[in-house]
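No lab work stands behind these numbers, since they all come straight from the coordinates. The shown structure was predicted, so the numbers you read here are calculated from the model rather than taken from an experiment. Cβ placement follows ideal geometry from the backbone for every residue including glycine, while neighbour counts extend to all protein chains displayed.
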Amino acid sequence: MRRVTLTQYLLEQQRDAGTIPADLRLLIEVVARACKVISNAVSKGALGGVLGGAGTDNVQGEAQKKLDVLSNEILIEANEWGGHLAAMASEEMEGPHQIPHRYPRGEYLLLFDPLDGSSNIDVNVSIGTIFSVLRAPEGDAVADEKAFLQPGRAQVAAGFAVYGPTTILVLTVGNGTVGFTLDRELGSFIMTAPDIRIPADTAEFAINMSNMRNWGEPVKRYIDECLAGKAGPRGKDFNMRWVASMVADVYRILSRGGVFMYPADAKHKEGRLRLMYEANPMALVVEQAGGAATNGRQRILDIQPTTLHQRVGVILGSKNEVERATSYHSAGG
């Protein structure tokens, strides 16, 4: 079987499919290389002195892990000098990171969650990196926060890496969703899932049950029906999965179907996940794989952002289940 590397896939998208220009191809390759470096740091764990807290808080007021800070630095340093970006934005930083004047300015904006699932770092459970690419508005001398406030459907590429037993890179450039596995001996991402498709139906759901007391009626109705099993209105048994790393939960859904829910609730009235760094890139990846993604009332990719760190409720995965859960919100529960 022909082994297709990430670079070969991107070149085919550039030359044959005409999906991406050369500078976007190069940008994605730089992001992928940064993910390799992060993967290497993660794999060393305690041996690399990267476990534990950093003693600082991010802009969200959340305690940072050492790997949060390190991963953020790796992504910035890898991307700021290549000439592909006008600016970057990270979940870990308050405002956009401008490209230093000594480097050329590019046409794209990069957003990232450098290390998703930080609570799992010290217990050796899968974590990852999520990224999103937008075009910078033309004519703007400086790519300020306003430049990033584009709806998710404007993304030209998105993806995520999972640092687990193997390191996986999932990517979309708007022409389907594909998966790559890092061959550590070669140092290359090799395509292992050329056309990821999420089954429309599923018998698995992922949700943090500890938040049940805060859920709205539509979410309670949906989960209660799943838990009722064969004797309930759904007429089948469901399994619950929850890894507490969005990258791991979404990768499982891409692999075998399922629905992931982190809804807005009484405690997190706007939602818990970040629209720009988590929900938008994951929604594009999932939709390109035949799935669906909503906030309970509207398609995530149609939401107009108002702030860089805006939060949102998320329901994504197998299309029929997402549509059912969303319809319960439309019906008022």
Please report the Cα spread of the range 204-330 along all three principal axes, rounded to whole Å, starting with the longest. 45, 31, 26
If you add up the charges near residue 290, with Lys and Arg at +1 and Asp and Glu at -1, over every other residue whose beta carbon is less than 15 angstrom from its beta carbon, what do you get? -1
What is the distance in Å between the Cα centres of the range 4-57 and the range 203-275? 30
Cβ density ranking, 10 Å radius, fewest first, applied to 27, 273 yields 273, 27
With no solvent and one point on each alpha carbon, what is the Debye value of log10 I(q)/I(0) for the chain at q = 0.09, 0.11, 0.13, 0.14 Å⁻¹? -0.45, -0.68, -0.96, -1.12
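Can you check what the Kirkwood hydrodynamic radius comes to for the range 1-117, Cα pairs only, in Å to one decimal? Walk me through the numbers on the way to the answer.
On the way: mean 1/r = 0.0637 Å⁻¹.
Result for the range 1-117, one decimal place: 15.7 Å.
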Out-of-range pairs (alpha-carbon distance over 20 Å; input 44/66; 66/269; 230/267; 146/269): 66/269; 230/267; 146/269
Put in order of increasing Cβ neighbours within 10 Å, starting from the fewest, 188, 255 give 255, 188
Does anyone have the angle between helix 6-15 and the longest principal axis of the chain? Alpha-carbon axes, 0 to 90°, nearest 10? 80
Residue by residue through the range 315-329, what is 3J(HN,Hα) from phi via Karplus (6.51 cos²θ - 1.76 cosθ + 1.60, θ = phi - 60°)? Round to whole Hz and write x for glycine and proline. 10, 8, x, 4, 4, 5, 6, 4, 5, 5, 4, 5, 5, 5, 5
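Can you tell me, using C-alpha contacts under 8 Å and at least 6 residues apart, the relative contact order of the chain as a whole percent?
15
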Check cross-link reach from residue 236 to the lysines: straight Cα distance under 24 Å, and skip same-chain residues fewer than eight apart. 220, 319
If you count the DSSP beta bridges with both ends in the range 84-242, what percent of them are antiparallel, to the nearest 5? 80
Return 77, 225 ranked ascending by Cβ neighbour count within 10 Å, so the fewest neighbours appear first. 77, 225
Can you give the helix-only mean residue ellipticity at 222 nm for the chain, where every DSSP H stretch with n ≥ 4 adds -39500 (n - 2.57) and the sum goes over all residues, rounded to the nearest 500 deg cm²/dmol? -8500 deg cm²/dmol
Checking rank on 200-206, 301-307, with mean other Cβ inside 10 Å and highest first, the result is 200-206, 301-307
Centroid-to-centroid separation of the range 116-144 and the range 169-190 [C-alpha atoms, Å]: 17
Mean-square fluctuation maximum in Gaussian network of the chain, Cα pairs under 10 Å, restricted to 110, 149, 75, hits 149
